[in-house]
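Just so it is clear, none of the values below were taken in a lab; they were calculated from the coordinates. No experiment lies behind these values; they were computed from the predicted model shown. So basically every Cβ, Gly included, is an ideal-geometry build from the backbone, and we count neighbours across all protein chains shown.
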Amino acid sequence: MGKVLLAFSPPSVLEQYLEHNKLTPVTSSSIVLPSKLKLELENIRKVGYATDMEESCEGLRCIGAPIYNAVGEIEGAIGISGPIFRMSKNHMNRYNKKLLEQVQYISELLGYDPHRKG
């Protein structure tokens, strides 16, 4: 869920994170280049959710999505993690649909209006 939080936080949060943290590989799929992380975060912002395909733990896949507050800022995130045999691309697509429904519901409970401009 770290990528979700970074992707939807102000740019200064990412810069501060990169300044104080080294991107250390923990698996062969880990993102270790700041430029690659920035591209990944850009994609996350476009699609509205993040995936972790064994980047943080071998054999584990995750999906995560942001929760917004009443002024449209990220308030938190919710994720679903599981072993790869339970998180096939087909399963992840199904789980992701439900996850996005739930984060929208929770965000709206917090006063978020996705149709509000500005």
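Quick notes
- Within the shell of other residues whose beta carbon sits under 14 angstrom from the beta carbon of Ser81, the net charge comes to -1, with Lys and Arg scored +1 and Asp and Glu -1.
- Counting neighbouring beta carbons within 10 Å and listing from fewest to most, the residues Glu19, Glu40 come out as Glu19, Glu40.
- Helix content alone sets the calculated 222 nm mean residue ellipticity of the chain: runs of n ≥ 4 DSSP H residues at -39500 (n - 2.57) each, divided across all residues, give -14000 deg cm²/dmol.
- Surface/4 estimate of mean projected area, convex hull on alpha-carbon atoms of segment 30-118, nm²: 6.4
- Extension gain for Tyr17 to Ile106 (0.36 nm times residue separation, less C-alpha to C-alpha distance): 29.4 nm.
- Extreme residue, positive dipole direction of segment 2-109, given options Gln16, Ile84, Gly64 (C-beta unit charges): Ile84
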